[in-house]
Amino acid sequence: MIRNTRIAAACSLLLFLGLLVGAARVQVLNAPEYDANPANRRHALERYAQPRGDIYAAGRRLTGSEDTRQGLRYERSYTDGRLYAPVTGFASQLYGATLLEDTEDGVLAGTDGRLAPLPLWGDLTRSRRPGGQVHTTVVPAVQKAAFRGLRGRKGAVVALEPATGRVLALVSSPGYDPALLSGNSPATALAWDRLTGDPDQPLLNRAIRQTYPPGSTFKVITAVAALESGRVTDIDAPTRTPNPYRLIGSTTLLRNEASGCADAPLREAFAESCNTVFAKLGATVGTRRIVETAEAFGFNDGGLSLPSPVLPSHVDTRMDPAQVALSAIGQYDTRATPLQMARVAATVANGGRSMRPYLVDRLADAGGETVARTRPAYEETVMTPGTAALLRQMMIDAVSDGTGGPAAIDGLTVGGKTGTAQHGVDNSENPYAWFLSWAQRPGTAVPGVAVAVVVEDAEADRADINGGGSAAPVARGVMRAALR
Amino acid sequence: MTTATDPAQALRPPGRARRLATPPPPVPRPRRRGAELGLLVCAVGVIAYGYANVGYATSGALPAGLATHLGGLAGLALAAHLVVRFRAPRADPVLLPVALLLNGLGLVLIHRLDQDTPGDRAAPTQLLWSTVGVALFAGVLLVLRDHRDLRPRAAKYAFTALCLMAAPILFPAVNGARIWIRIGGLSLQPSEFAKVLLAVFFASYLAANRHALTFTSGPRIRRLLLPPRRVLGPIVAVWGISLVLLILERDIGASLLFFSLFVAMLYVATGRLGWLAVGLLLAAAGAAAVGALEPHVHTRVEDWLSPFRAIEEGHGPGQLAQSLFAFAAGGALGTGLGQGHSLLIGFAGKSDFILATAGEELGIAGLTALFLLYALFVARGYRTAIAIGEPFGALLAAGLAAIITLQVVVIAGGVLGLVPLTGMVTPFLAQGGSSVVTNWVIVALLVRLSDEARTPPEERPAPEAAPARPEPEPAAATAPATVPLVVPVIDEARPADGTR
């Protein structure tokens, strides 16, 4: 019987060994698979078990965390949520996160390895650190000016610092309060349904996630292409342009809103926004140069992020002369985000050197100790300093003597370009009003701010819609706020 | 390793000279009560650390009831130790500390789970039941001075066990199984108590009839020799009735336990592999039939085969999937006590799935430690069985060790997804009064048996201590199975049948 007992004991031992093997299988071998299962709510619970780190602008908190004492414990709260929603995005227990709340999630949630005092420390202890801080480049005064300037109309404003690429303001309208999407109450679901069902698309970030036909603002690019290619050497020499201008290979006649465009020199044509002159220039310069110049400014670049991903702006790379003529005045298939057009203005302002735009100035741990900082990144020399100087002058003229008059600010040098973009079937819908501009304080080397404004104003009387009238005053307010 | 390298060995006089000399006087065996006390202090220390850990992790301070809990536990440990010291002074010093540590860790885990369910505090109740358990432990040691006193009453125990198991049929089913007796606010799970009683009965009967079961043959089914019906009959009857009752009550866990326990004890008693084979075949056939026909069991088998099917069908994770998620979240070192999310598992979290909490918060490291504690306890049980040298005690010890093994393996295998989930209870660890009390009785019996096993023959109490008992049987080491057995009666009404 002793032998039998020993065998029974050995069997028991084997069973215990089997348990250990089973435990190792579940806890080590299959653990990553189980952890990744979408039905496993642990990630969500852990994510919301501690207050989330905050997003800052100029040292002020844009966000906060409220303790709900429920399962998904900490809810996001926002100070001035509607104003900063195009920067922060939302962080919802139910619907995930967008924009900086999404791209900087690792830092905000405390999981980012850069927050750890020692490498791999977090992996070993499996402890979560308190959420870190995300400091943005946004300047509250500029952001507010842009938000107020739109007055709730549909549209977007982007303000950049030309010398660095810092995003000073990023506004999309109509907006939403991201606090409505925090939490997981029925009210949250209701708000989500309402926001996603709204035909005005308040959740859409028009500044970086929507492209518009750039209209006449594209003429900046056409002018750069014409000057850089040597097709135009003297901006005051008459261009031999008929009015109206017949598009090559078609019977379509292109006309102008302005008068005096026949044979107008580049400077005048730019100031008065003559379609005929720029369409002809586009056709003369050719598709290759137009596309190259546009791409140097950042068109067709799918890789840009602020770090929130930016929808690429588009220009067709294959066009016949009539199409390139239309593209040269910002119509046809050409589409740009407000951010893209702000980059165009900033590059001109910065002497032709394009800087990579960025929204996150620095990342810090919970104690405010900087763990990463964004350095201004030079992207490309789009044009020679001479061309840039000529364009700056042309933009100054467009404000002082042309369509951009409403943007003028006493005591500042302001350059601008209006745009009125047709859209809809047979251009039947109300056009988009555009304005690109920059402003410079006297005595400084480079303009301090570059702005792009787009207003899609379906309610307005069609005749009143133009870049100068609808968009330029918005840009003016933004520039004043930035350089005050 | 050669002994030549051992300096102590080298200095010793040649072995032959020693062997020719008169045998040395027996070395006095240490009683090891100090070691037991030391281990108990360690166990209480570990439990205190666990409580503190939970407190700091969940509320940043020591838990409010810490003094009560620890004081109560330390008091229980001391009381149990004193009873062992005076009533079973040679008992195995490991059994009690391991049981206390497991019980205490269970309290820590239940206390930890209580933090997440403000309306339902189970740890104080569990501590109360643990107190009852330890009191029963002391009671058994005080009353039962010799384990052989159990033998004459084995048939009564079997009868009591069957009555206990039949009782829940009169009560409404809970979660699909009729395994509870509810009287007032108190609920009991009688099959928990029945398992010890049946183990005593099996041990008694098998000890009496093991030679008959091993060597004599009755009816023959092809090449398989069955023992005489007269020998096999009563035990198979009791066993069969218990199984039928459990199946009627849909207590799958207990059916499995009783079946396995019976087969295991039968094997230990007879050493006939044929029994094992027949047992396994029967078990397989029964399991297949029940699994296919009985809806309650069928669901569990399906859950086991595809734990994530509910997720794929959009119903969200079931309990087994949640359990696997919990284990996976624990990884190597665990999330730390109080820092897991075992609550996701749901309503049985404090009982059936307590091991998942251990796996999540203590990691595979902690789970391994728990399994090793169980293995240590079980090993001590088998060791007692081997050392006791008397068939009834040996069978009882082996049976009790098997009970613990089977419970741990079946429930842990269930929550780990290795076997289908059955309503089994993790011994000592899980919430549940009947279970804790029964397990403390098991500890008491093993302590009593180990005291017997570790007492040298010359120190055993004189027969007058138990006059009704037949003369002591010779130790197994000197007289193995060839010595004729003095067969006790298992039924007072029937004389010994002369089986030798």
- Query: Quick check: is even one residue across the range B:328-335 within 9 Å of another protein chain (Cβ to nearest Cβ) and open to solvent by 40 Å² or more (accessible area, probe 1.4 Å)?
  - Reply: yes
- Message: Looking at the range A:78-85, can you tell me whether even one residue there is more than 14 Å from chain B (Cβ to nearest Cβ), at pLDDT below 90 and outside any loop (DSSP other than H, G, I, E, B)?
- Response: no
- When both residues are 6+ apart or on different chains and their Cβ atoms are under 6 Å apart, which pairs have a first residue that lies in the range A:305-319 and is closer than 16 Å to A:ILE221 by Cα, and a second that is open to solvent by 10 Å² or more (accessible area, probe 1.4 Å) and part of a loop (DSSP other than H, G, I, E, B)? A:SER313/A:THR211; A:ASP316/A:ASP333
- Query: What are the residues in the range B:360-375 that are open to solvent by 10 Å² or more (accessible area, probe 1.4 Å) and either more than 10 Å from chain A (Cβ to nearest Cβ) or more than 15 Å from A:ARG6 (Cα to Cα) (or both), if any?
  - Reply: B:LEU362, B:ILE364, B:ALA365, B:GLY366, B:THR368, B:ALA369, B:LEU372, B:LEU373
- Note on the structure: Contact list, first residue from the range A:9-26 and facing chain B (nearest Cβ under 7 Å) and part of a helix (DSSP H, G or I), second anywhere and open to solvent by 30 Å² or more (accessible area, probe 1.4 Å) and of a type in the set (S, T, N, Q), beta-carbon distance below 8 Å, six or more apart or interchain, is A:LEU20/B:THR368; A:ALA23/B:THR368
- Message: Can you tell me which residue is nearest to B:ALA288 (Cα to Cα) among those in the range B:411-436 that are in a helix (DSSP H, G or I) and more than 12 Å from every other protein chain (Cβ to nearest Cβ)?
- Response: B:SER435
- Task: Kindly indicate the residue of the range B:296-327 that is at the interface with chain A (Cβ under 8 Å from one of its Cβ atoms) and either outside any helix (DSSP H, G or I) or open to solvent by 40 Å² or more (accessible area, probe 1.4 Å) (or both) and also nearest to B:GLY417 (Cα to Cα) among those meeting that condition.
- Result: B:PHE308
- Query: Just a yes or no: is a residue in the range B:339-347 more than 9 Å from chain A (Cβ to nearest Cβ), open to solvent by 20 Å² or more (accessible area, probe 1.4 Å) and assigned to a helix (DSSP H, G or I)?
  - Reply: no
- Message: For B:THR357, only one of the following conditions fails: (1) within 11 Å of another protein chain (Cβ to nearest Cβ); (2) crowded, with 24+ Cβ neighbours inside 10 Å; (3) under 15 Å from B:VAL108 (Cβ atoms). What is its number?
- Response: (1)
- Task: For residues that are at the interface with another protein chain (Cβ under 8 Å from one of its Cβ atoms) and not in a helix (DSSP H, G or I), scanning just the range A:27-37, find the one that is nearest to B:ARG309 (Cα to Cα).
- Result: A:ASN37
- Query: Looking at (1) away from every other protein chain (no Cβ under 14 Å); (2) touching a Ser or Thr at 6+ places or on another chain (Cβ under 7 Å), can you tell me which one A:THR98 breaks?
  - Reply: (2)
- Task: Collect the residues in the range A:141-173 that are open to solvent by 30 Å² or more (accessible area, probe 1.4 Å) and free of Cβ contacts under 8 Å to residues at least 60 places away in the same chain, keeping them in residue-number order.
- Result: A:ARG151, A:GLY152
- Task: Considering (1) away from chain A (no Cβ under 12 Å); (2) in a helix (DSSP H, G or I); (3) basic (Lys, Arg), say which one B:ARG380 fails and leave the rest.
- Result: (1)
- Message: Taking the criterion of being in a strand (DSSP E or B), among the aliphatic types (A, V, I, L, M), open to solvent by 40 Å² or more (accessible area, probe 1.4 Å) and at pLDDT 90 or above, would at least one residue in the range A:350-360 satisfy it?
- Response: no
- What tally of residues in the range B:233-279 results from selecting those that are modelled with pLDDT of 80 or more, assigned to a helix (DSSP H, G or I) and within 14 Å of another protein chain (Cβ to nearest Cβ)? 13
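Give the residues of the range B:392-410 that are facing chain A (nearest Cβ under 10 Å) and either surrounded by fewer than 24 Cβ atoms within 10 Å (Cβ to Cβ) or aliphatic (A, V, I, L, M) (or both), sorted by residue number.
Across the range B:392-410, the qualifying residues are B:ALA394, B:LEU395, B:ALA397, B:ALA398, B:ALA401, B:ALA402, B:ILE404, B:LEU406, B:VAL408, B:VAL409, B:VAL410.
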- Query: Taking the range A:3-41 only, how many residues are at pLDDT below 90, surrounded by 17 or more Cβ atoms within 10 Å (Cβ to Cβ) and hydrophobic (A, V, I, L, M, F, W, C)?
  - Reply: 2
- Considering only residues of the range A:42-58 that are open to solvent by 60 Å² or more (accessible area, probe 1.4 Å) and of a type outside the set (A, V, I, L, M), which is nearest to the other protein chains (Cβ to nearest Cβ)? A:HIS43
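Looking at the range A:377-414, which of the residues that are of a type in the set (Ser, Thr, Tyr) and touching a Ser or Thr at 6+ places or on another chain (Cβ under 8 Å) is least open to solvent (accessible area, probe 1.4 Å)? Before you say what the answer is, go through the steps one by one.
The first filter runs over the range A:377-414 and keeps only residues of a type in the set (Ser, Thr, Tyr), leaving A:378, A:381, A:384, A:387, A:400, A:403, A:413.
Checking which are touching a Ser or Thr at 6+ places or on another chain (Cβ under 8 Å) leaves us with A:378, A:381, A:403.
Values: A:TYR378: 108, A:THR381: 73, A:THR403: 50 Å².
Among those residues, the one meeting the criterion is A:THR403.
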- When B:ASP116 is run through (1) open to solvent by 10 Å² or more (accessible area, probe 1.4 Å); (2) within 27 Å of B:LEU449 (Cα to Cα), the failure sits at (2)
- Would the range B:131-147 turn up any residue that is of a type in the set (Val, Ile, Thr), open to solvent by 40 Å² or more (accessible area, probe 1.4 Å), within 30 Å of B:LEU344 (Cβ to Cβ) and touching a residue at least 24 places away in the same chain (Cβ under 8 Å)? no
- Query: In the list A:ALA258, A:ALA262, which residue meets the criterion of being assigned to a loop (DSSP other than H, G, I, E, B) and open to solvent by 50 Å² or more (accessible area, probe 1.4 Å)?
  - Reply: A:ALA262
- Item | Residues of the range A:411-431 classified as modelled with pLDDT of 90 or more and either over 22 Å from A:TYR212 (Cβ atoms) or part of a loop (DSSP other than H, G, I, E, B) (or both), total | 4
- Which one of the conditions (1) at pLDDT 90 or above; (2) farther than 27 Å from A:ALA377 by Cα does A:LEU311 fail to meet, given that it meets all the rest? (2)
- Item | Any chance A:VAL474 is at pLDDT 95 or above, crowded, with 24+ Cβ neighbours inside 10 Å and either closer than 14 Å to A:THR413 by Cβ or not acidic (Asp, Glu) (or both) | no
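The values are calculated or read from the model by the stated rules, or taken from the named source; none is laboratory data. These figures come from a predicted structure and were not determined experimentally. For neighbour counting, all protein chains shown are included, and Cβ atoms are generated from backbone atoms with ideal geometry for every residue, glycine included. Note: areas computed on protein heavy atoms with side chains; ligands, DNA, RNA excluded. Shrake-Rupley method; radii C 1.70, N 1.55, O 1.52, S 1.80 Å.
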